[in-house]
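Below is one structure, written out as C-alpha coordinates; comments come after it.
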(Lines give C-alpha, C1' and ligand atoms only; values in the text may rest on other atoms or scores of the structure.)
Protein backbone atom coordinates (compact mmCIF):
# COMPACT_ATOMS: atom_id res chain seq x y z
CA UNK A 1 0.00 0.00 0.00
CA UNK A 2 1.68 3.17 -1.19
CA UNK A 3 0.04 6.28 0.21
CA UNK A 4 -0.65 9.17 -2.15
CA UNK A 5 0.09 12.69 -0.95
CA UNK A 6 -3.22 13.97 -2.35
CA UNK A 7 -5.16 11.44 -0.31
CA UNK A 8 -3.13 12.12 2.83
CA UNK A 9 -3.81 15.86 2.65
CA UNK A 10 -7.57 15.26 2.89
CA UNK A 11 -7.28 13.74 6.37
CA UNK A 12 -7.40 15.51 9.72
CA UNK A 13 -4.24 15.94 11.84
CA UNK A 14 -5.54 13.37 14.35
CA UNK A 15 -6.04 10.78 11.61
CA UNK A 16 -2.55 11.51 10.29
CA UNK A 17 -0.98 11.00 13.71
CA UNK A 18 -2.85 7.71 14.11
CA UNK A 19 -1.71 6.53 10.68
CA UNK A 20 1.86 7.54 11.44
CA UNK A 21 1.84 5.57 14.69
CA UNK A 22 0.45 2.50 12.91
CA UNK A 23 3.00 2.74 10.10
CA UNK A 24 5.89 3.10 12.53
CA UNK A 25 4.73 -0.01 14.42
CA UNK A 26 4.41 -1.94 11.17
CA UNK A 27 7.84 -0.69 10.05
CA UNK A 28 9.35 -1.95 13.30
CA UNK A 29 7.89 -5.41 12.64
CA UNK A 30 9.24 -5.36 9.08
CA UNK A 31 12.71 -4.47 10.35
CA UNK A 32 12.63 -7.43 12.74
CA UNK A 33 11.51 -9.74 9.94
CA UNK A 34 14.24 -8.39 7.68
CA UNK A 35 16.89 -8.90 10.38
CA UNK A 36 15.82 -12.49 10.99
CA UNK A 37 15.54 -13.28 7.29
CA UNK A 38 11.83 -14.06 7.31
CA UNK A 39 10.76 -11.03 5.26
CA UNK A 40 9.17 -12.18 2.01
CA UNK A 41 9.17 -8.81 0.24
CA UNK A 42 12.22 -6.68 1.13
CA UNK A 43 11.05 -3.85 -1.13
CA UNK A 44 8.22 -3.31 1.35
CA UNK A 45 10.75 -1.76 3.78
CA UNK A 46 11.60 0.96 1.26
CA UNK A 47 7.94 1.67 0.52
CA UNK A 48 7.18 1.87 4.22
CA UNK A 49 9.97 4.42 4.78
CA UNK A 50 8.63 6.57 1.97
CA UNK A 51 5.06 6.39 3.28
CA UNK A 52 6.26 7.52 6.71
CA UNK A 53 8.17 10.39 5.10
CA UNK A 54 5.08 11.45 3.12
CA UNK A 55 2.99 11.46 6.28
CA UNK A 56 5.57 13.51 8.16
CA UNK A 57 5.76 16.00 5.29
CA UNK A 58 2.00 16.52 5.20
CA UNK A 59 1.84 16.82 8.99
CA UNK A 60 4.52 19.54 8.88
CA UNK A 61 2.69 21.33 6.07
CA UNK A 62 -0.50 21.42 8.12
CA UNK A 63 1.37 22.68 11.19
CA UNK A 64 3.01 25.53 9.27
CA UNK A 65 -0.14 26.66 7.56
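The values are calculated or read from the model by the stated rules, or taken from the named source; none is laboratory data. On a predicted model such as this, the values are computed, not experimentally measured, just so you know. FYI the Cβ positions are ideal-geometry reconstructions off the backbone, even for glycines, and counts take in every protein chain you see.
Mind listing whichever residues of region 21-62 are in contact (Cβ under 8 Å) with a residue 40 or more places away in the chain and more than 9 Å from the chain's Cα centre (by Cα)?
To start, the set of residues in region 21-62 that are in contact (Cβ under 8 Å) with a residue 40 or more places away in the chain comprises 47, 50-51, 54-55, 57-59, 61-62.
Passing the criteria: 57, 58, 59, 61, 62.
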> Which condition does residue 65 not pass, out of (1) touching a helix residue (DSSP H, G or I) at 6+ places or on another chain (Cβ under 8 Å); (2) loosely packed, with under 13 Cβ neighbours inside 10 Å, if it passes all the others?
Replying inline: (1)
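Hey, could you check region 32-48 for residues that are out of contact with any helix residue (DSSP H, G or I) (no Cβ under 7 Å at 6 or more places or on another chain) and part of a helix (DSSP H, G or I) and say which is surrounded by the most Cβ atoms within 10 Å (Cβ to Cβ)?
Filtering region 32-48 for residues that are out of contact with any helix residue (DSSP H, G or I) (no Cβ under 7 Å at 6 or more places or on another chain) and part of a helix (DSSP H, G or I), the one surrounded by the most Cβ atoms within 10 Å (Cβ to Cβ) comes out as 33.
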>> Return the residues of region 1-19 that are assigned to a helix (DSSP H, G or I), at pLDDT 90 or above and surrounded by 10 or more Cβ atoms within 10 Å (Cβ to Cβ); say none if nothing qualifies.
In response: 7, 8, 9, 13, 15, 16, 17, 18, 19
> Checking residue 23 against (1) surrounded by fewer than 13 Cβ atoms within 10 Å (Cβ to Cβ); (2) touching a helix residue (DSSP H, G or I) at 6+ places or on another chain (Cβ under 9 Å); (3) at pLDDT 95 or above, which single condition isn't satisfied?
Replying inline: (1)
